[in-house]
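Following: one structure in structure tokens, then a few remarks.
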Amino acid sequence: MVNINHSRAIIFDCDGVLFNSNTQKSDAFGKVLEGYPAEQVKSFVKYHKETGGVSRYVKFRKFFEEFLNHSGIFEEEYQKVLESFSEECISIYKNSELTPGALELLQEIRLLGKPMYVASGSDENELQASFELRGIDSFFNGIYGSPKTKAECVDKINESQRLEEAIFIGDSMSDYSTAKSFGMKFIFMKKYTEMNRDQIKFCEQEADLVIDSLQDLL
């Protein structure tokens, strides 16, 4: 049984959990790669959706190395794509809606005195600036993101919390695997996930609790 009241800390993924931003992020991956071969871009966006929680730094490098089979120097192109994607993400976080129940749940957990954290595949500096802009940064004891891996983000939290008594709320395979590798309870929030059918079925079967949105935890 998963009970937030009895947890030591709560860790949230960002996209698809706190923000309804998964679709916009996927569109942005395709948008910044306009001009590259359409079939490879389409395959890459599909790969992105199935690997939520993996940072853009890893994904875009994979695009050039594996989807385009670039064996030469592509660092300038890589950096240009990263810069364009960063601009897109800043706009997305500025305009995306919080998911249903997100603000109310954050307020409720704060009243319980439970520490809260963000562990995301999104860029850490962008996350911190965007959360401050949206006025929700004060809810969290730490906001972590890439270029750290998801596991490295949680390892930072592990320095101050006993994570075997914590809860991770996420919407991807990387969220699930990270939660379990640290001995945490995992809540699978499925409403906005972009995983494929088999991945969703796996998380539904293996999660400690399945919810549609954060509203279900109120």
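A few points about this structure:
- Which numbered condition Leu98 misses (of (1) farther than 21 Å from Ala179 by Cα; (2) more than 14 Å from the chain's Cα centre (by Cα); (3) in contact (Cβ under 8 Å) with a residue 12 or more places away in the chain): (2)
- Taking the conditions (1) at pLDDT 95 or above; (2) surrounded by 15 or more Cβ atoms within 10 Å (Cβ to Cβ) in turn, Leu133 satisfies each one other than (2).
- Helices (runs of 4 or more DSSP H) fully within segment 23-124 counting 3 or more residues that are at pLDDT 95 or above, surrounded by 16 or more Cβ atoms within 10 Å (Cβ to Cβ) and in the same structural domain as Tyr192 (by TED's automatic domain parsing): 102-112
- Hey, Ala151 under 19 Å from Ala9 (Cβ atoms), among the small types (Gly, Ala, Ser) and crowded, with 21+ Cβ neighbours inside 10 Å or not: no
- Residues in segment 7-44 that are charged (D, E, K, R) and farther than 21 Å from Ile136 by Cβ: Arg8, Asp27, Lys31, Glu34, Glu39, Lys42.
The values are calculated or read from the model by the stated rules, or taken from the named source; none is laboratory data. Note that the coordinates shown come from a computational prediction; the quantities given were computed from them, not determined experimentally. Every residue, glycine among them, receives a Cβ derived from its backbone with ideal geometry; neighbour counts consider all protein chains shown.
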